[in-house]
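Encoded as structure tokens, the structure appears first; notes follow it.
Quick note: the coordinates plus some simple rules give every number you see, no bench work behind them. Treat the numbers as computed from the prediction; the structure is a model and nothing was measured. Glycine also receives a Cβ, built like all others from the backbone with ideal geometry; neighbour counts cover every protein chain displayed.
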Amino acid sequence: MNKRFAANYIGYGMALVVLFYLASFGVSLVFNTGGSARPGATPIVVVAAILGIAAYWALIRLQPLTRRRAVVLALFWAALIAGVTLVFTVGNGTTAVVFGAWYEYLLYVGIVGAAYFATD
């Protein structure tokens, strides 16, 4: 893997992290899910759809050679988002709220699913 491609996919990953937090903030305003209460499935599905579309777009722009490489990139991005989220939630004591429901993992499934469909 060349250095330019690595820098691009790390950059797109960081952009997805920022988009994740902006989308989460916007959805929390629209669905009024502020505070430390666990949101329902609908806001999470909206954020997962936004992230899936963004990951699909990023993978189309990066043009990975194989589907396996695209899925590896998406897994890296999902782990990056989960890691940054974990860092923020441990300090706040809200880890159970963020990672406590099954539908909250749809975010990561959306990113990896987009990678599967972005390649031929």
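What the table shows:
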{"quantity": "Tilt relative to the chain, helix 3-31 - C-alpha long axis, 0 to 90 degrees, to 10", "calculated": "30 degrees"}
{"quantity": "Degrees separating the helix 67-92 axis from the principal Cα axis of the chain, which is the longest one", "calculated": "30 degrees"}
{"quantity": "Normalised contact order of region 12-94, rounded percent, pairs of Cα under 8 Å and 6 or more residues apart", "calculated": "44 percent"}
{"quantity": "Charge sum, other residues only, whose C-beta stays under 13 Å from Y9's C-beta, Lys/Arg counted +1 and Asp/Glu -1", "calculated": "+4"}
{"quantity": "Burial order of peptide ranges 94-107, 2-15, 48-61 (average beta-carbon count within 10 Å, highest first)", "calculated": "48-61, 94-107, 2-15"}
{"quantity": "Within a Gaussian network of the chain (alpha carbon springs, distance under 10 Å), most fluctuating of V18, V90, V46", "calculated": "V90"}
{"quantity": "Label point 7 Å beyond Cα of F76 along Cβ direction - residues of region 2-23 with amide nitrogen under 17 Å", "calculated": "2-18"}
{"quantity": "Point-to-point label distance, V97-A7, nm (Cα→Cβ direction, 7 Å offset)", "calculated": "3.9 nm"}
{"quantity": "Charge dipole magnitude, Cβ of K and R +1, D and E -1 - the chain, Cα centre, debye nearest 20", "calculated": "380 debye"}
{"quantity": "Net charge contributed by nearby residues that have their C-beta within less than 13 Å of L75 (K/R +1, D/E -1)", "calculated": "+3"}
